[in-house]
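Readers should treat all values here as calculations from the given coordinates under stated rules, not as data from a laboratory. For clarity, every value in this text was computed on a predicted model and none was experimentally measured. Note that we place each Cβ from the backbone using ideal geometry, even for glycine, and neighbour counts take in every protein chain shown.
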Amino acid sequence: MPAPCEIAVKSVIPAVRAYVAKELTETHKMKQNDVGRLLGITQTAVSKYIGNVRGQAIKIDQKEEIRNMMNDIALKMADGEISGPQLILRFCQVCGVVRAHGLMCPLCKQSDPNLDVLSCNVCKNGQTCFSRF
């Protein structure tokens with residue numbers, strides 16, 4: 001069974017990047033090059049996130065709590081208040097909430113068909129990687 005962070009790096013982090021990239025370009029009217037620079041990715045990657053080519057493996061924006069966290073990230077990025085290590089921490093915090101809500105469970109099940117997601121508490125027990133920060 002892959003570790004939850006292995007699944008998150010392929011699903012949750014791209015979904016957060018996609019949401020934040022859209023928020024920065026649409027709400028904050030930033031150019032894709034500038035968004036890429038802030039997120040540490042290329043303009044081409046930003047374009048793919050905005051065009052729903054990347055970051056669609058998991059829908060995380062349906063929960064208001066998660067949406068609010070991502071909106072806050074975008075606002076603080078647009079205002080120049082967070083970048084680098086603080087941005088990584090914020091992404092980890094969003095991932096922890098996604099995991100706590102069980103939104104990654106279907107992806108874990110897909111990764112390991114023998115996994116009983118109803119009895120698995122790996123993500124829901126609150127002991128996520130961001131807890132140490």
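When segment 2-13 is filtered for residues that are in contact with a Ser or Thr (Cβ under 9 Å, 6 or more places away or on another chain) and either surrounded by 13 or more Cβ atoms within 10 Å (Cβ to Cβ) or not acidic (Asp, Glu) (or both), the ones remaining, listed by number, are Pro2, Pro4, Cys5, Ile7. Restricting attention to segment 69-81, the residues that are among the small types (Gly, Ala, Ser) and touching a residue at least 12 places away in the same chain (Cβ under 8 Å) total 2.
Of the helices (runs of 4 or more DSSP H) entirely within segment 32-133, those holding at least 2 residues that are surrounded by fewer than 15 Cβ atoms within 10 Å (Cβ to Cβ) occupy 43-50, 64-78, 84-100, 105-111. Going by what's in this entry, would Glu23 be described as acidic (Asp, Glu) and more than 18 Å from Gln86 (Cβ to Cβ)? So Glu23 does not fit the description; no. Can you find a residue that is surrounded by 14 or more Cβ atoms within 10 Å (Cβ to Cβ), over 14 Å from the mean Cα position of the chain (by Cα), of a type outside the set (D, E, K, R) and in a helix (DSSP H, G or I) anywhere in segment 14-31? Checking segment 14-31: at least one residue is surrounded by 14 or more Cβ atoms within 10 Å (Cβ to Cβ), over 14 Å from the mean Cα position of the chain (by Cα), of a type outside the set (D, E, K, R) and in a helix (DSSP H, G or I). Whenever a residue of segment 82-103 is over 18 Å from Ile58 (Cβ atoms), its partners that are assigned to a helix (DSSP H, G or I) and among the charged types (D, E, K, R), lying with C-beta atoms within less than 6 angstrom and at least six residues away or across chains, give the pairs Ile82/Lys76. Looking across segment 33-56, the residues that are farther than 20 Å from Val12 by Cβ and touching a Gly at 6+ places or on another chain (Cβ under 6 Å) come down to Thr42, Gln43. Checked against (1) within 15 Å of Ala8 (Cβ to Cβ); (2) touching a Pro at 6+ places or on another chain (Cβ under 8 Å), Val98 meets all criteria but (2). Selection of first residues in segment 42-68 that are closer than 18 Å to Met104 by Cβ and of second residues that are not in a helix (DSSP H, G or I), restricted to Cβ pairs under 7 Å at least 6 apart or on distinct chains, gives the following pairs, ordered by first then second residue: Ala57/Ser11; Ile58/Ser11; Ile58/Leu103; Ile58/Met104; Ile60/Leu103; Lys63/His101; Ile66/Ile60; Arg67/Asp61.
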